[in-house]
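Report on one structure; see the data block that follows.
The values are calculated or read from the model by the stated rules, or taken from the named source; none is laboratory data. Bear in mind that the values here come from a model prediction, so they are computed numbers and not experimental data. When we count neighbours, we look across all protein chains shown, and the Cβ atoms used for this are built from the backbone with ideal geometry, even at glycine. Accessible surface areas use protein heavy atoms only, side chains included; no ligands, DNA or RNA. Shrake-Rupley method; radii C 1.70, N 1.55, O 1.52, S 1.80 Å.
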Amino acid sequence: MPLLQKPLVVDKFRSFHDYVKANDGKIGLKQRGLDINLNNACNLKCEHCFTLSPKGLHAKDRFPIEKIKEIGDQADQLGIFEIDLQGGELLLDQNYLYSVLKALKTERFYVYVTTNGFFMTKEVAENLFELGVDRVSVSIDSIDPDTHDKFRGKKGSWERAIKALEYVKEAGMSPYLNITVGRYNVDSEDLKLLLDYSKDNRYTTLLNVATPGGMWASMHEICINDDDREHLIAMRKKYKNILRNLWDPFDRNREGVIGCNTINRLYITPIGDVLPCPYVHIKIGNIFEQTLQEISENGFRVKYFREYSEKCLAGEDRDFINNYMAKGNTTIFNPKNYEDLFGEDEIFKDKVSLPAKPMG
């Protein structure tokens, strides 16, 4: 379904735009999205997996469809306009994914599915389009098939991922090529070739900076530095099809940073725990026990999540990483409770009032 045929989404996105502009180009307390790990089972064994799916963690847990309906309703009431459905690998159980999309009422959201592309077919892509998916993000780690396949732990995964992007484009959805960027590849020829490939095929490139969590919990050396951040901005200007969630999507000069999206984009695990983002393994609530609004208000009481940060807390802010990331072997399924992690001087006592949903 073309986005212009989703007037509710257009209204919410316009409200997001107006809030950011009125807030000096900063995201502030405006919520934008949900990242939902529907099920953590996966067919690949990626070296950098932040959900630890190669270890089989909670591979059988998944959301009841009725709970998905509730989450969709609550997200809509908060003015959330985008929902990213993740795994694991969701195309392992396509019928379940189709049921989730129907339950969400996709006309209310800009919906995307993040996949490794292995099980994408022409028919699957067409089904996703008919069910209201706007974008499919396919993760690719290298322009070289062997390098990608080794990283992903399965021969032939690069070829399947490349073909998946073609199916997505042919079906009428937006194809996004997802790349994880760290010190190991940020200024490499391989990355440049991958960026060229994405641009030449008229895809959008989504950059995710490497974070010391999940399979890479002890690898702080992967984190990009200030010079790397400036390099990525230069690439942003050069290619013009590159996005990061913390960059200002409304800045025509491609320099603005709306800030780290912790709490603005909540991450929900298959057992209902809600984290500030996929890479910050700190629990701020559980969707089976509290509403999204209550959880969001709790999250914004933490100073690091409320205050503006031009750096990704999980992948760039060295102080936050050293003090709070991956403490005590935390994972998305074993997160540290925010009240046990932060001191009294790091948690605001005042009640948070979230920006109102646009009237439409």
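Here are the numbers for this structure:
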| item | result |
| --- | --- |
| Filter result (open to solvent by 50 Å² or more (accessible area, probe 1.4 Å) and not in a loop (DSSP other than H, G, I, E, B)) within the range 291-318 | 293, 294, 303, 304, 306, 318 |
| Qualifying positions in the range 216-255 - in contact with a Pro (Cβ under 9 Å, 6 or more places away or on another chain) and touching a residue at least 24 places away in the same chain (Cβ under 8 Å) | 218, 220, 221, 222, 223, 243 |
| Among the residues listed as 233, 224, the single one being at pLDDT 95 or above, open to solvent by less than 60 Å² (accessible area, probe 1.4 Å) and assigned to a loop (DSSP other than H, G, I, E, B) | 224 |
| Options 261, 337, 253: the member that is more than 25 Å from residue 217 (Cβ to Cβ) and either within 14 Å of the chain's Cα centre (by Cα) or polar (S, T, N, Q) (or both) | 253 |
| Number of the exception - residue 329 against (1) under 22 Å from residue 79 (Cα atoms); (2) open to solvent by 20 Å² or more (accessible area, probe 1.4 Å); (3) in contact (Cβ under 8 Å) with a residue 60 or more places away in the chain | (1) |
| Of all residues in the range 10-52 being over 18 Å from the mean Cα position of the chain (by Cα) and of a type in the set (Val, Ile, Thr), the one that is nearest to residue 275 (Cα to Cα) | 20 |
| Leading residue by the ranking (nearest to the chain's Cα centre (by Cα)) among those in the range 236-249 that are open to solvent by 40 Å² or more (accessible area, probe 1.4 Å) and on the phi < 0 side of the Ramachandran plot | 245 |
| Test: residue 321 is in contact with a helix residue (DSSP H, G or I) (Cβ under 6 Å, 6 or more places away or on another chain) and not polar (S, T, N, Q) | no |
| Some residue of the range 251-264 being open to solvent by less than 10 Å² (accessible area, probe 1.4 Å), of a type outside the set (Ser, Thr, Tyr) and modelled with pLDDT under 95 | no |
| Scope the range 54-80; condition out of contact with any Pro (no Cβ under 7 Å at 6 or more places or on another chain) and open to solvent by less than 10 Å² (accessible area, probe 1.4 Å); matching residues | 68, 71, 72, 75, 80 |
| Subset of the range 20-51 [assigned to a helix (DSSP H, G or I) and surrounded by fewer than 19 Cβ atoms within 10 Å (Cβ to Cβ)] | 21, 22 |
| Residues that are free of Cβ contacts under 8 Å to residues at least 24 places away in the same chain and either open to solvent by less than 70 Å² (accessible area, probe 1.4 Å) or on the phi > 0 side of the Ramachandran plot (or both), drawn from the range 3-19 | 10 |
| Scan of the range 332-353 for residues that are in contact with a Lys or Arg (Cβ under 8 Å, 6 or more places away or on another chain), open to solvent by 20 Å² or more (accessible area, probe 1.4 Å), under 23 Å from residue 269 (Cβ atoms) and not β-branched (Val, Ile, Thr), ordered by number | 335, 336, 337, 341 |
